[in-house]
Amino acid sequence: MPVPFLGRLAPYEYIALLGSFILVGLEAAIRVVTLALPSALLNLCYKGSQLLFNTLSSPAAKRARRRRKSISTSVRNASDFVDLCGLYGYYAEEHVIQTKDGYLLGLHRLAWRNNEDPARTKVNQGPHSKRKRVVYLHHGLLMNSEVWVCLTDAQRNLPFTLVERGFDVWLGNNRGNKYSKKSVSKPPTSADFWNFSMDEFAFYDIPDTISYILDTTSQQSLSYIGFSQGTAQAFAALSIHPKLNERVNVFIALAPAMSPAGLATGVVDSLVKASPSVLFLLFGRRSILESATMWESVLYPPIFVRAIDASLRFLFNWRANNISLSQKLAAYPHLFSFTSTKSVVHWFQIMRNKCFQMYDDDVHPPIAITTASRYTKVAKFPTRNIRTPIVLLYGGSDSLVDIDAMLHELPPQTLTTEIAHYEHLDFLWARDVTSLVFPHVFDALDSFTGAEHTTEEYDRYKVARNTSLGASNFAMTGEHKPADSEVSASDISTALNGSNGAKDTYEAEDSEPLASLTAKGVNGDSKKTEEIEEAVEEELTPETAPPGPAFKPSEELATPTRNISPLRT
């Protein structure tokens, strides 16, 4: 059997590979020792790390943590999706569907407004029930449905907002994650259970979930909102199931993923691209990163947040400046869920070949007289065949989105909007998601309402979109009037001087809102920026969030069109 990476790596990549094995082995050894320790000793270590962190924190940061502790702690400690919704008074239904290949998937439903009684109000349950349009949301890689609802206020919560606007909201889960770790024939302890990639998500999970939702609600079609891999699964499913296009009236892709350029760290990127199967050697053939949940439970939350931030910066060069610290404390514990190593290997095959393809089961020999591509070709997902209207919302600072390559593989009527300063996770948890993302989601939902996909729907969306872009542009570039929730630069200077003796001063009358300063940094000092956010971020509201680069409305465009994204600044 050929060694999967032999002959493809440069000498420095072999060193990186050896280092990876050492680190994975070290982490496994530490995990085994940690799990063997008595709970009393683990609690003592946890309290010690908490005491050390608080001792090294500034007084302003301590006060800010006390203010934000209540809601962040409640969200962080919520045990599941139902508990998260209950924090804000929403009733969540739990459903289980069986896919055609025997996997049992958890499915959540939010159908009732906060002031509606589920016991008295029937929604989409027969001719005498209240009829509501259906929206289906699907999460990204290594996630579950909790990422949509683990926010620190209801106004930034997309599912809650959709419910209040009169939608019947469903949230799906991939096989293998927290809510879908069961099969009728394969135990999750077996390698066979984890033998799935994005192919199975596209052939079974997405279409079977949509069928269940439409059958349950007696609706003809639904609207699909995907995040990250949740968009890739929809691209794949719609491309290989032509009739599925008649059941989805619009596909809204947040931080869309199809063929990422690669990872930010060159050595790691070249390593996994040279041989994606090396991940099997590092993590085995079952679930990947199983120890993540353990580390979340034993690390003091602020330390866990910094570890996640450092990992995201290392792998993707994301700074996460648009997400408040209190939101990170609340959401990061809900960020990870299980998936198969094979599904991650699938992504690295896609990145290596720069092609949105199905999983390649062949192990290519390290030395070959001719290239294998002359005799074999892995099937691509035929995404240009998609007929459902596609609305892409992507971040200009998202390293995982190659919008030009994506549009090349999508139908010409694909619609795009760029939010220039957004990164990947910002579409879930950014401070200003209500003003920069939600309007475009609502425009698409209000414009595309049927399965016919008519020209009139595209025209309606074009008008609504340009209006929203104009409103966003005015809100982000118009004259700014300080709000009561803002903190002046003199307050910021005081906080800094009290914490680390910094001498930077700012004139109050010339000061910018705190949100603007945290977005740009203070004199380019990222450490000071972090201290500012820790000290006063709780004063921020979505309306006073980092303004970032402004939108520039597009000119009037013909329909259908692909290139209608705002100009970059």
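Compute the FRET efficiency between Val82 and Ser218 as 1/(1 + (r/R0)^6), taking r as their Cβ-Cβ distance and R0 = 25 Å, and round to the nearest 0.05.
The calculated FRET efficiency here is 0.55.
Whole-Hz ³J(HN,Hα) for each residue in the stretch 135-140, computed from phi via Karplus 6.51 cos²θ - 1.76 cosθ + 1.60 with θ = phi - 60°, x for glycine and proline: what do you get?
Residue by residue, the stretch 135-140 yields 10, 10, 10, 9, 7, x Hz.
To the nearest 0.05, what FRET efficiency results for Met294 and Glu116 with a Förster distance of 30 Å applied to their C-beta separation?
0.15
At what distance in angstrom do the alpha carbon centres of the stretch 246-261 and the stretch 384-457 lie from each other?
Using only Cα atoms, the two centres lie 7 Å from each other.
Going by accessible area, probe 1.4 Å, with all protein chains left in place, what is the ranking of Asp168, Asp446, largest first?
Descending accessible area places them as Asp446, Asp168.
As a test question: what accessible area, to the nearest 10 Å², does Arg247 have when a 1.4 Å probe is rolled over all protein chains in place?
That residue has around 70 Å² of solvent-accessible surface.
Can you give the accessible area of Thr449, probe radius 1.4 Å, in Å² rounded to 10?
Its accessible surface works out to 70 Å², give or take rounding.
Treat each spin label as a single point 7 Å out from the Cα along the C-beta direction, and report the Phe442 to Ala261 distance in nm.
Those two pseudo-labels are separated by 3.4 nm.
For the stretch 305-313, take each phi angle, set θ = phi - 60°, evaluate the Karplus expression 6.51 cos²θ - 1.76 cosθ + 1.60, and give the result in whole Hz per residue in order, putting x for glycine and proline.
With the stated coefficients, the stretch 305-313 comes to 4, 5, 5, 5, 4, 5, 5, 5, 5 Hz.
Tell me which residues come under 5 Å, amide H to amide H, from Lys182 once H is placed; ignore anything under 5 positions away on its chain.
Residues meeting the criterion, in which the H sits 1.01 Å from N, are Leu104, Gly176.
Calculate the spin-label point distance for Ala307 paired with Thr73, positioning each point 7 Å from the Cα along the beta-carbon direction, and give it in nanometres.
That separation, rounded to one decimal, is 2.2 nm.
Read phi for every residue in the stretch 205-220 and hand back ³J(HN,Hα) as whole Hz from Karplus 6.51 cos²θ - 1.76 cosθ + 1.60, θ = phi - 60°, with x for Gly and Pro.
Each residue's phi maps through the Karplus curve to give 4, 5, x, 5, 5, 4, 4, 4, 4, 5, 5, 5, 9, 6, 9, 7 Hz.
Starting from the Cα of Ala154, move 7 Å in the Cα-to-Cβ direction to define the label point; list residues of the stretch 98-129 whose amide nitrogen is under 13 Å from there.
Within reach of a label on Ala154: 112-117.
Order Tyr359, Tyr461 by their accessible area, 1.4 angstrom probe, all chains in place, largest first.
Tyr359, Tyr461
Report the full-extension gain for the segment Ser185 to Lys354: residue separation times 0.36 nm, less the Cα-Cα distance, to one decimal in nm.
Length gained between Ser185 and Lys354: 57.3 nm.
Roughly how many nanometres apart are two label points built 7 Å out from the Cα toward the Cβ at Ser39 and Thr454?
6.2
Using only alpha carbon pairs under 8 Å that are at least six residues apart, calculate the relative contact order of the stretch 216-351 and give it in whole percent.
Computed value for the stretch 216-351: 28 percent relative contact order.
For Ser291, what accessible surface area do you get with a 1.4 Å probe? Give it in Å², rounded to 10.
For Ser291, the solvent-accessible surface is approximately 20 Å².
Starting from the amide H of Lys130, placed 1.01 Å from N in the peptide plane, find each other amide H under 5 Å away whose residue is 5 or more places distant or on another chain.
Placed amide hydrogens put Lys122, Val123, Asn124, Gln125 under 5 Å from Lys130.
So for Glu452, Glu146, Glu200, what's the accessible-area order with a 1.4 Å probe, most first?
Solvent-accessible surface, decreasing: Glu452, Glu200, Glu146.
Could you give the length gained by full extension between Leu51 and Asp362, i.e. 0.36 nm per residue of separation minus their alpha carbon distance, to one decimal place?
Difference between extended and current length: 106.7 nm.
The values are calculated or read from the model by the stated rules, or taken from the named source; none is laboratory data. In this text the structure is predicted, and so the values were computed from the model without any measurement. Methodologically, a virtual Cβ is constructed for each residue, glycine included, from the backbone with ideal geometry; neighbour enumeration extends over all protein chains shown. Surface areas here come from the heavy atoms of the whole protein model, side chains and all, with no ligands, DNA or RNA. Shrake-Rupley method; radii C 1.70, N 1.55, O 1.52, S 1.80 Å.
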